[in-house]
1. If amide H atoms are built 1.01 Å from N in the plane of the peptide, which residues on other chains or at least 5 residues away come under 5 Å of the amide H of Tyr31?
2. Sort 13-26, 67-80 by the packing proxy (mean of other Cβ within 10 Å over each peptide's residues), most packed first.
3. How big is the Cα convex hull of the chain in projection, averaged over all directions, in nm²?
4. In whole percent, what relative contact order does the chain give with Cα contacts below 8 Å and a gap of six or more residues?
5. Can you tell me which lysines have their Cα less than 18 Å from the Cα of Lys58? Leave out same-chain residues fewer than eight positions away.
6. How far apart, in nanometres, would the label points at Asn25 and Glu44 be if each is projected 7 angstrom from Cα along the Cα-to-Cβ direction?
Amino acid sequence: SDGIIHLKTDSVLMYEFTNKIIKTNKLNLIYSTDNLYNTDQDNELTQIKTYYEQSFFKEGINITYLKFSLNKKPFYENPGNVLK
């Protein structure tokens, strides 16, 4: 079955790498933000903050979010090195 992947993280590296995977493999990107709590989203994503999200938020660290789905490719390409 086709599922939707939700990635909510404080790691900019993970957010950027996953974005590159999505673009490289032409996956279906449904929603993306590099600052979830500074968007117009008002739903279960923003209403529930984990202990760690609250801590990071207080420190000024953004919580990023990606919502996407996979396609039916037999394999996915690695986008290469994303470290700067």
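We did not get these values from a lab; they are worked out from the coordinates using the rules stated. The shown structure was predicted, so the numbers you read here are calculated from the model rather than taken from an experiment. No Cβ is skipped: glycine too gets one built from the backbone with ideal geometry, and neighbour counts run over all protein chains shown.
1. Counting only residues 5 or more places away or on other chains, the set is Lys67.
2. 13-26, 67-80
3. Approximately 6.6 nm², given one-decimal rounding.
4. Numbers: 107 pairs, mean separation 43.2, N = 84.
Worked out over the chain, it gives 51 percent.
5. The qualifying lysines are Lys8, Lys49.
6. 2.4
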